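Notes follow the structure.
The values are calculated or read from the model by the stated rules, or taken from the named source; none is laboratory data. Remember, it's a predicted structure, so these values are computed and weren't measured experimentally. Here Cβ is always computed from backbone atoms with ideal geometry, including for glycine, and neighbour counts include all displayed protein chains. The accessibility values were calculated without ligands, DNA or RNA, using every heavy atom of the protein model including side chains. Shrake-Rupley method; radii C 1.70, N 1.55, O 1.52, S 1.80 Å.
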Amino acid sequence: MVTLLWPGKENGWCASFAFNFLYVSGARDYFHVQQLAGAPPPVGHLWSICVEEHYYWLWPLVILCCSPRAAGWLLACVVIATPGIAWYLVTALDARGVHPDVFSGLVSRSTLSQLTAIALGSLLALNETKLQRPVF
């Protein structure tokens with residue numbers, strides 16, 4: 001439907017769940033509209049759906065290959081490591097002379113730097129029965 005109403009080049013990126021990687025090329029920045037020559041694409045907000053899809057493609061494989069206990073530990077490690085990964089990406093891009101507007105958009109929409117909330121939700125779901133037990 002979107003393609004019929006707005007036939008932009010970003011639609012292919014959205015359909016392949018790689019829209020968040022479009023920011024790597026610096027082609028569009030949804031959150032810095034004042035720096036654009038034109039208006040942001042109407043699909044600009046779909047970068048977050050791409051991050052979710054990347055997670056949902058990998059998470060079933062983890063469940064199939066790991067015990068619930070190991071999956072829980074892996075999720076806890078992801079929750080703890082994600083801010084460190086984001087910091088590393090910012091530091092590495094800054095050291096290479098990448099402009100802060102570019103790397104802030106890239107890092108804030110990168111799958112590797114956005115896993116904390118999704119992993120935390122999965123960790124809670126994995127332990128749902130334990131969390132529902134009465135304390136007293």
### residue 61-residue 117 FRET efficiency (beta carbon distance; Förster radius 25 Å; 0.05 resolution)
0.80
### Using alpha carbons only: equivalent-ellipsoid semi-axes of the range 45-136, gyration tensor based, whole Å
30, 14, 12
#### Entry: Loop sites in the range 50-135: trypsin sites (Lys or Arg not before Pro), DSSP, at most 16 other Cβ within 10 Å
96
### Solvent exposure of the range 70-136 as accessible area per residue, Å², 1.4 Å probe
65 Å²
